[in-house]
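Notes follow the structure.
The values are calculated or read from the model by the stated rules, or taken from the named source; none is laboratory data. Small disclaimer: the values here were computed from a predicted structure and weren't measured. For neighbour counting, all protein chains shown are included, and Cβ atoms are generated from backbone atoms with ideal geometry for every residue, glycine included.
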Ligand code: 2BA
């Protein structure tokens with residue numbers, strides 16, 4: 001048996017939870033915070049049989065998409081009113097998830 005930890009963005013949470021539940025996986029959801037951006041994210045703990053782990057990962061990948069960086073033009077807010085109309089290119093991350101799969105030595109419900 002494995003324990004899958006999946007760190008997903010808040011806006012992907014609903015889709016991931018819905019799909020995993022529909023595929024009969026049990027999930028524990030933790031409200032977590034990324035250490036770098038200090039923004040809320042969600043960590044899911046999913047206990048799964050070894051032969052089901054890839055299915056879990058496929059569902060997460062389908063719901064969260066591939067991890068990629070895009071450049072968008074953000075409004076440049078600082079400074080005088082003339083600058084309010086300016087934009088500056090900023091790199092942001094969209095989609096994706098961070099997944100850890102660890103071995104479970106013992107699993108029991110009492
Ligand atoms: P990601 O690598 O997609 O990571 C998204 C979130 O997943 C992270 O949020 C963190 O909560 C978790 N995470 C990722 N890798 C992890 C690991 N090896 N161990 C434990 N948790 C992990 P944040 O920490 O807020 O990071 C947000 C994004 O900022 C990251 O996206 C990455 O692109 C960037 N980043 C993170 N740490 C960085 C650093 N030290 N220097 C530069 N960029 C960093």
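The rows are residues; the columns are (1) in a strand (DSSP E or B); (2) closer than 27 Å to residue 90 by Cα; (3) within 13 Å of the ligand (Cβ to nearest atom).
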{"residue": "3", "(1), (2), (3)": "yes, no, no"}
{"residue": "6", "(1), (2), (3)": "yes, yes, yes"}
{"residue": "21", "(1), (2), (3)": "no, no, no"}
{"residue": "35", "(1), (2), (3)": "no, yes, yes"}
{"residue": "45", "(1), (2), (3)": "yes, no, no"}
{"residue": "51", "(1), (2), (3)": "no, no, no"}
{"residue": "58", "(1), (2), (3)": "no, no, no"}
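Checked against the criterion of being in a helix (DSSP H, G or I) and away from the ligand (no atom under 16 Å from the Cβ), segment 65-73 has no qualifying residue.
Within segment 33-45, does at least one residue satisfy the condition of being exposed (fewer than 12 other Cβ atoms within 10 Å of the Cβ) and modelled with pLDDT of 95 or more? Yes, the conditions are met somewhere in segment 33-45.
I want to confirm something. Restricting to segment 74-108 and keeping residues that are out of contact with any strand residue (DSSP E or B) (no Cβ under 6 Å at 6 or more places or on another chain) and modelled with pLDDT of 95 or more, which single residue is farthest from the ligand (Cβ to nearest atom)? Filtering first and then ranking leaves 108. Kindly provide the set of residues from segment 1-19 that are surrounded by 16 or more Cβ atoms within 10 Å (Cβ to Cβ) and free of Cβ contacts under 8 Å to residues at least 40 places away in the same chain, ordered by number. If the condition is that a residue be surrounded by 16 or more Cβ atoms within 10 Å (Cβ to Cβ) and free of Cβ contacts under 8 Å to residues at least 40 places away in the same chain, then 13, 17 are the ones that fit. If you filter segment 23-32 down to residues that are under 17 Å from residue 64 (Cα atoms) and away from the ligand (no atom under 16 Å from the Cβ), you find that the one that is surrounded by the fewest Cβ atoms within 10 Å (Cβ to Cβ) is 23.
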